[in-house]
Amino acid sequence: MLKTAAACLALATVLVAAPTQADTPTPEPTPRPCPPPAVVEPDPDAVIPPVDQAALSRAIGGLPAADATAAVVRVGGTKGSWQGVSGVADLRTRREASEHVRFRAGSVTKMFTTAVVLQLVAEGRLALADTVQDHLPGLLPASYPEIQVGQLLNHTSGLPAPDLPDGFEYVYETRFKKWTPQEYVARAVRNPIEFTPGTRQHYLNINTFVASLLIERVTGKTYEHEVTDRILRPVGMRHSYLPGTSTTIKGPHHRGYQSVPAGFENAVRYGDGHVVDMTRMSVTSTWASGDLISTAADLEKFVMALFSGKVVPRAQLEPMFTVPDVTMFDECGNRPATYTSGLTRMVLPGGIVGYGKTGARYGYASGVGATRDLSRTLVYSVNSTDAKGSGQNERTLGIVVAAFS
């Protein structure tokens, strides 16, 4: 029981409550006394249990509720499968939710961007030890140290985030703003490098932005073309696409809402609070870090193909399962890194080791996870009313624990 409780706590930290993408640079942390990081050891003898259908049903039960309006869950793998849906697709019409919907996948997109870079490595067109400065001269300030391609992928580059106003109000006011990747990067690198590349880990979208500019420079084609041609089509992800500057979601989808205070612009009453509709918005501010629109079935196809070596050759796939031996760039400085290249390593309930990626756009919280042997896979999309909240998302935590316990 204690082992399982500790594992759930670790899982809540690394999978569900992973840091939201920072819009402003993090200042150099001031060291202070911190408790030693919790370490949950993997159990090499751990075995994935049968699918607990009752627990999964409970995890998405009672929707719509204060925390979420709808949820779609898909569990698969060699040890059984389950699909479930709950809630409403639209608060106005109260139309029932459906499992056959598209949703904003958020930072799950980073798995795809990373996979394309690793394909280019397999083709000999890039090397993880290549530097950004070699391939994209002039993109970064001359004062910056050399940054390797591999350091972009595992978030050890030290690149800073751009200075942007805090708060949801700014996000809502600029929800239709169209960023260019170059504009985003230029705004970020006005700030100094955060740390010596390769010495710490800081999860920031800027890394994937630069990685995708590398994709475009090396291939001569757009990031959107390369992801579509190299992954979406070959894997058979017929309902997934990259929206570019479009602010809409094509085809069937659930509407996404964000909790706001009373009196907020365009707010509508929802239960004891208020929400605004965030279904339509520009995703150019996250571009190759978070713009993918997909379905649960498509993402299940992807994780199965990726982990089995059908997307990236196995020799080049290893960075996606390797956590760098550094600490996180935070105020304590003693937490070990948890991110790999494109994924997060997790110690799951019972000591099971899994790898996955979460994503959050306002109104949409998503996640993909699996054991490396694919005995269990999980894809979920929850229409959370506070998808980017800094605290634990109990709904998605419950889904993950139910799927792997």
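Size estimate for the chain follows the Kirkwood approach: the inverse of mean 1/r over distinct Cα pairs works out to 21.4 Å. Here the simple spin-label model places points 7 Å from the Cα toward Cβ, and for Asn266 and Thr248 these points are separated by 1.5 nm. Taking every alpha-carbon pair under 8 Å whose residues sit at least 6 apart, the range 182-330 reaches a relative contact order of 28 percent. Here is the size of the range 287-398 from its Cα atoms: Rg then Dmax, 14.8, 41 Å. Each residue was assigned an accessible area with a 1.4 Å probe, and for Lys250 the value is about 110 Å².
The region of the chain that goes longest without hitting one of the GluC sites (Glu not before Pro) in a DSSP loop, each with at most 16 other Cβ atoms within 10 Å, is 147-264. Taking the DSSP beta bridges with both ends in the chain, the antiparallel portion is around 95 percent.
Computed with a 1.4 Å probe over protein heavy atoms only, the accessible surface of the chain comes to 41 Å² per residue.
Of all lysines in the structure, the ones whose alpha carbon falls short of 22 Å from that of Lys250, not counting any fewer than 8 places away in one chain, are Lys110, Lys177, Lys178, Lys301.
Modelled label positions at Thr199 and Ser375, each set 7 Å beyond Cα in the direction of Cβ, lie 4.1 nm from each other.
Counting every pair of alpha carbons in the range 194-275, the share spaced more than 15 Å apart comes to 75 percent. Distance from the C-alpha centroid of the range 357-403 to that of the range 223-299: 15 Å, rounded to the whole angstrom. Charge dipole of the chain (Cα centre as origin; +1 on each Lys and Arg Cβ, -1 on each Asp and Glu Cβ, all else neutral): 1060 debye, rounded to the nearest 20. What the Cα atoms of the range 69-148 give is an Rg and a Dmax of 21.3, 56 Å. Once the Cα-Cα distance is subtracted from the 0.36 nm per residue extended length, the Glu394 to Thr327 segment shows a gain of 21.5 nm. Take the Cβ atoms of Asp134 and Glu99, set R0 to 41 Å, and the FRET efficiency comes out at 0.35. Site pair Glu173 and Gln53 shows an inter-label distance of 5.2 nm when each label is modelled 7 Å from Cα along Cα→Cβ.
The values are calculated or read from the model by the stated rules, or taken from the named source; none is laboratory data. Source: prediction; values computed, not measured. When we count neighbours, we look across all protein chains shown, and the Cβ atoms used for this are built from the backbone with ideal geometry, even at glycine. Accessible surface areas use protein heavy atoms only, side chains included; no ligands, DNA or RNA. Shrake-Rupley method; radii C 1.70, N 1.55, O 1.52, S 1.80 Å.
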